[in-house]
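Heads up, the thing below is written out as structure tokens.
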Amino acid sequence: MVAQTRINLPRSILDRARMAIEQIHEFAHSPQWLRELRNRLTSPRQIEVFDTAAPDSSVLTSFDFHYDFKTDLLSLIEINTNASMFLLAAEIIEGEARARALTNLHDSFIHEWGEEL
């Protein structure tokens, strides 16, 4: 499912996506939202899990945006925390970029899980 055609998008689209991601991150960590979310929990186990400190990020989080050329509309479709796109990219990139991507992935696991790996 990888197209042979490369599409170059204007830098402004990347900037808009970055801004959206920053705003999502800011909202998800805001005290108001965290209070609201905790108030919605119904069981002691849910509260225990919620109150447990965890790393701030997720290995391989990706934001799926769709862009409409006709309307210049950038839409966030979903937020994923799986490895499928990374693995696909690792298959199609070569050389130094591939080695760097795999090293970054390894390092992110070490950062998230500690030296136990």
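Does residue 91 fit the bill of being at pLDDT below 90, open to solvent by 80 Å² or more (accessible area, probe 1.4 Å) and either under 27 Å from residue 4 (Cβ atoms) or assigned to a helix (DSSP H, G or I) (or both)? Talk me through it step by step, then tell me what you get.
Values: at pLDDT below 90: yes; open to solvent by 80 Å² or more (accessible area, probe 1.4 Å): yes; either under 27 Å from residue 4 (Cβ atoms) or assigned to a helix (DSSP H, G or I) (or both): yes.
Yes: the conditions hold for residue 91.
One line per residue, one yes/no per condition, for (1) of a type in the set (D, E, K, R); (2) surrounded by 10 or more Cβ atoms within 10 Å (Cβ to Cβ):
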| site | (1), (2) |
| --- | --- |
| 68 | yes, no |
| 81 | no, yes |
| 97 | no, yes |
| 102 | no, yes |
| 107 | yes, yes |
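Restricting attention to the stretch 17-36, which residues are within 30 Å of residue 67 (Cβ to Cβ) and open to solvent by less than 80 Å² (accessible area, probe 1.4 Å)? Walk me through it before giving the result.
Just the residues of the stretch 17-36 that are within 30 Å of residue 67 (Cβ to Cβ), to begin with: 17-30, 33.
Listed by number, the residues that qualify are 17, 20, 21, 24, 28, 30, 33.
What is the number of the single condition among (1) on the phi > 0 side of the Ramachandran plot; (2) loosely packed, with under 10 Cβ neighbours inside 10 Å that residue 39 does not meet?
(1)
Determine, yes or no, whether residue 77 is open to solvent by 80 Å² or more (accessible area, probe 1.4 Å), at pLDDT below 90 and among the hydrophobic types (A, V, I, L, M, F, W, C). It would help to see each step written out before you state the result.
On the way: open to solvent by 80 Å² or more (accessible area, probe 1.4 Å): yes; at pLDDT below 90: no; among the hydrophobic types (A, V, I, L, M, F, W, C): yes.
No: the conditions fail for residue 77.
The values are calculated or read from the model by the stated rules, or taken from the named source; none is laboratory data. Model, not experiment: these values are computed from the prediction. For neighbour counting, all protein chains shown are included, and Cβ atoms are generated from backbone atoms with ideal geometry for every residue, glycine included. The accessibility values were calculated without ligands, DNA or RNA, using every heavy atom of the protein model including side chains. Shrake-Rupley method; radii C 1.70, N 1.55, O 1.52, S 1.80 Å.
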